[in-house]
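Taking it in order: structure first as structure tokens, then the write-up.
What follows draws every value from the coordinates through simple rules; no lab data is involved. On a predicted model such as this, the values are computed, not experimentally measured, just so you know. Ideal geometry is used to build each Cβ from the backbone, glycine not excepted, and the neighbour counts take in all protein chains shown.
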Protein chains: 6
Amino acid sequence: MLARWVGLDLTSKGVVRAVLIGRFQPFHMGHLSAVKEILQGFDEAIIAIGSSQFSHTFDNPFTAGERIEMIRLALKEDGQDLARIITVTVPDIGEHRLWVARLVAMCPRFDVAYSNNPFVRLLLEEQGIATRGAELYNREMLNATRIRMLMAEGGDWKRYVPKSVADYIDGLGGVERVRIAKSSATSALFR
Amino acid sequence: MLARWVGLDLTSKGVVRAVLIGRFQPFHMGHLSAVKEILQGFDEAIIAIGSSQFSHTFDNPFTAGERIEMIRLALKEDGQDLARIITVTVPDIGEHRLWVARLVAMCPRFDVAYSNNPFVRLLLEEQGIATRGAELYNREMLNATRIRMLMAEGGDWKRYVPKSVADYIDGLGGVERVRIAKSSATSALFR
Amino acid sequence: MLARWVGLDLTSKGVVRAVLIGRFQPFHMGHLSAVKEILQGFDEAIIAIGSSQFSHTFDNPFTAGERIEMIRLALKEDGQDLARIITVTVPDIGEHRLWVARLVAMCPRFDVAYSNNPFVRLLLEEQGIATRGAELYNREMLNATRIRMLMAEGGDWKRYVPKSVADYIDGLGGVERVRIAKSSATSALFR
Amino acid sequence: MLARWVGLDLTSKGVVRAVLIGRFQPFHMGHLSAVKEILQGFDEAIIAIGSSQFSHTFDNPFTAGERIEMIRLALKEDGQDLARIITVTVPDIGEHRLWVARLVAMCPRFDVAYSNNPFVRLLLEEQGIATRGAELYNREMLNATRIRMLMAEGGDWKRYVPKSVADYIDGLGGVERVRIAKSSATSALFR
Amino acid sequence: MLARWVGLDLTSKGVVRAVLIGRFQPFHMGHLSAVKEILQGFDEAIIAIGSSQFSHTFDNPFTAGERIEMIRLALKEDGQDLARIITVTVPDIGEHRLWVARLVAMCPRFDVAYSNNPFVRLLLEEQGIATRGAELYNREMLNATRIRMLMAEGGDWKRYVPKSVADYIDGLGGVERVRIAKSSATSALFR
Amino acid sequence: MLARWVGLDLTSKGVVRAVLIGRFQPFHMGHLSAVKEILQGFDEAIIAIGSSQFSHTFDNPFTAGERIEMIRLALKEDGQDLARIITVTVPDIGEHRLWVARLVAMCPRFDVAYSNNPFVRLLLEEQGIATRGAELYNREMLNATRIRMLMAEGGDWKRYVPKSVADYIDGLGGVERVRIAKSSATSALFR
């Protein structure tokens, strides 16, 4: 039934999964919406955390572990069943042609990949993996870069993330981390 | 209450977690027993898959994604609540002194680490992380190296892993992979 | 005789070779001209493909294998003898001081290195390797960055590359790849 | 016609190629035989030099550049047309699941892969690439490990490699390098 | 006494050390001032050379070895006792969360870390390491980036570095290297 | 005068240095003897710590920082002037052909390299660097592997290292670390 819903030929392969690909710096309302869209059409949602090895920069302020905490807090707050969620981490690889193989190696078998990034979708499609864009996603407002910018500049970033995520970020001093990472971006170490 | 149970000073820190560190090549009855031990004493169990970047060797035949599938199948078969399980992956790092920092970066906050490997415990203790050995673990029989050896030599390996794991390995041709990886270990490529 | 032609002291060392260093993203008329210049003065031309591990970015859209195909197509179209051409790949190394050693390790023995990049020539000269600039090279017009920009913006890029290269790029969807890579450069993954 | 010969469905794809995968430490009579087998059935032979980043060890004594020289000398000595040969280098990657993607990225498009190593063939077949074993290959005698052992121990290694290869190895002091690398294998640096 | 001076609780731990963290591209008057400040309060100064693997770029023109030479020349010129100085090198690591572990692994035990970079101090403080800013440091004028810019543009850079450092840079052609690295920054290799 | 002593043509190049290459796991009487030999013939001794990134294994139990502490303690105990000693670290590189370039990049300029390892000397000589063996070195008894074995097995290892080194190793629990690393060598993580 689910297989039929997504228009894939998935007869009798058991659990049907989609993978959502992102960096989740931080996990925001748009990400939450995409996960819920997947959970309506698939048995399980794999949440693939890209650039997982990085942290403490303006682009990637939070560690993979911190991002997993945010994802679980947000989904719990929303009443989702965490048993249907699988978080995986995918370290960046300089060799883009190899990235799809790494993604596949890190994930349980999946049937389709969700991403709104044309470049990610190109890489996946070139390797024969079906892709989708998340439809319910308001990219203008719900944009992690914009949220981090608000954090760095003292703006109202909390309205774009689930409350539990905002509290978690506050608890680990995340705003200060983003602010320092941003201002130090152009001045490495002790020049 | 849980905090009290494990003898840790964890007053009011929210969710209490232990991390189980292994490679899970494959996930066997002993691993299952250790996870269950943790779930009795903690809110959530983090299962940290070490050497996560490797696969297709005799020591590490299965990809991280395949190992995650095994873990979830085994716990589901056993009736555990997957919502209380968090699988994470920890790529090996040549620089052992940095491995603990990488483990911490990949995991949600945890309170204690379970391992029966003295070397892993030494690394963790040197960095101030509390460790435990899994008590219910029959290491003589339930040893992943021994299980892989049985797979390579046509022995009865299935009695040491949950049925769902055995079926999964059969389904992906895992025995053949282990057999070939073992016999090719000493002859790389096309000499 | 050839040795004499290039003014090098190469008495009786057998085959005389020069290496042309570039990234060839894509291989264009200027590159072709440089190879022909080398083939007039040397027995064999080594074409060293730098940044060989990268692909699918705006700076490096094509894989090493695709670049090798382009080079061979262009030289064949021009009537050159492919038996006198040796393509090698040189992955970038962050440690520039080691790059010359890597270049030498990847190449058959050579007598001189051709590059029009002052930085590459500095690295080579510091290690005692004789360098030359390719003389017949119209850098204003025949510039790979400019060609990729034309590809991304729908301009007439084909006039700057051999016809066989243009056809090859069309056949693998190269223009679309460059266009997407360029537009995604500032927005990684799923922000 | 060639396409028909090899039993592949290759209608009108242009040049038909097979890739021979090896380390070529050193390139011996068996390798030469395999290349000739390929050249009888395909337009071009790609010779993929694995473990290309390594040298100066007993397992991998020669650099990629030195191996390219051997390959070209041997084929020239045998009267083959070097224009139909493409040497590529494939650095080892710890993550075996990604190795096939790297091989493909380094090579011009090919139609089938030749290897006599079951592990290499398993990796390739799992990714949907057709493989073959080289039929004319006398593995008992023509084995690079055995040849290196003879070099280290003063045996008659020259009968197993083309004369031009033997001369080349002599010229660069290759026997001494193999001998030292072997004896130092168990004693790193300055203990 | 020294321990008391710096306000640390260092009773009877033997030698008291502070580490100064920088890249020293090049080592200038401000760096010298910071080292002297440390030597007044501690038994020994560790000078940790960050980004140690890089050289031959505008940001990092000099090798680690060249930077060590500069540091020793400057301190000798200033009459400092080199026996109280320990230079160490700390290669950058993409995973910032692991950088502190690497720093600690590369250094003899130390009691406090000096840096004027807020980002470095944040990383250190998060891992429980006490940090200080160097007080005597005129960051406006004594800034390595500014000095390199002067070198590239033919300005009077020598007034900001010790005379022995200026002579050393002249001797190895450092100004030319900086100039070429800067102008080639936006044009890699042979486009 | 010193230049004359070592038979090198070093007229007026300033400070004359030799580099001693080792891993120093741990620094023992033989190493001390070699350093003293160098200090008799040269102005300064560079002590290049190889495999510097590794620690916590049986082959490389101690971090680079710990090894630097040992070296300084031993030389101080022996009455040597630490101002004439420069410790540098050289991380291993899989690509041996590049190792000499890395060594040179990490060191202040030097005139000759000391090593008793034939493989290291071969690498250096191939790149045109003069090498020497340390003459005063009793390799039978003063062998770091043997010393570590004694540590693991409860033997009398202290007689082969300076007293200050033995005390330092005791203070950081080094014997326990070596013992655990050795016994865990064949059983990685949590099988």
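A few comments on the model shown:
- Distance between the pseudo-spin-label points of C:Asp156 and C:Met141 (7 Å out from Cα toward the beta carbon): 1.1 nm.
- Distant-in-sequence amide contacts of F:Ile47, defined by a placed amide H-H separation under 5 Å and a gap of 5 or more residues or a different chain, comprise F:Leu20, F:Ile86, F:Thr87, F:Val88.
- Gaussian network model of chain F, springs between alpha carbon atoms under 10 Å - residue of F:Leu32, F:Leu124, F:Leu172 with greatest fluctuation: F:Leu172
- When the Cα gyration tensor is reduced to axis lengths a ≥ b ≥ c, the ratio a/c stays below 1.5 for the protein assembly as shown, which is therefore classed as rounded.
- Gyration tensor (alpha-carbon) shape descriptor, segment F:57-108, a/c threshold 1.5: oblate
- Across the identical copies, the label point of A:Glu77 (7 Å from Cα in the Cβ direction) is separated from its matches by 3.8, 5.7, 5.7, 5.8, 7.2 nm, in order from shortest.
- Considering only E:His28, E:His96, E:His56, the mean-square fluctuation computed in a Gaussian network model of chain E, springs between alpha carbons under 10 angstrom, is largest for E:His96.
- Degrees between helix E:29-41 axis and first principal axis of chain E (Cα, 0 to 90, nearest 10): 10
- 9 Å beta-carbon shell around D:Arg17, net charge (K/R +1, D/E -1): -2
- Mean sequence separation of contacting Cα pairs (under 8 Å, at least six apart), scaled by the length of chain F, corresponds to a relative contact order of 27 percent.
- Backbone phi angles across segment D:153-162, fed through the Karplus curve with coefficients 6.51, -1.76 and 1.60 (θ = phi - 60°), yield HN-Hα couplings of 9, x, x, 8, 7, 5, 5, 9, 10, x Hz in residue order; Gly and Pro are listed as x.
- Just checking the listed ones, D:Pro26, D:Pro118, D:Pro91: in the Gaussian network model of chain D with Cα springs under 10 Å, the one fluctuating most is D:Pro118.
- Helical contribution to [θ] at 222 nm, DSSP H n ≥ 4, -39,500 (n - 2.57), averaged over the protein assembly as shown, rounded to 500: -12000 deg cm²/dmol
- Diffusion coefficient, µm² s⁻¹, Stokes-Einstein with Kirkwood Rh over alpha-carbon pairs of segment E:15-182 at 20 °C and 1.002 mPa s: 133
- Of all residues in chain D, the one whose Cβ lies closest to the rotation axis carrying D onto F, together with that distance in whole Å, is D:Gly94, 6.
- Nitroxide proxy distance, nm - points 7 Å out along Cα→Cβ at F:Met149 and B:Asp59: 2.2
- Look at the stretch E:84-95: the mean tally of other chain Cβ atoms within 10 Å of its residues' Cβ atoms is 6.
- Charged side chains reduced to their Cβ positions (Lys and Arg at +1, Asp and Glu at -1) give the protein assembly as shown a dipole of some 0 debye around its Cα centre.
- Label-to-label distances for B:Asp167 across copies, nearest first, come out at 4.0, 5.4, 6.6, 6.6, 8.1 nm, using points 7 Å from Cα in the beta-carbon direction.
- Here is how far apart the D:Gly128 label points are across copies: 0.2, 5.1, 5.1, 5.1, 5.1 nm, shortest first, using a point 7 Å from Cα toward Cβ.
- Split chain B at each of the GluC sites (Glu not before Pro) in a DSSP loop with at most 15 other beta carbon atoms within 10 Å, and the longest piece is B:1-134.
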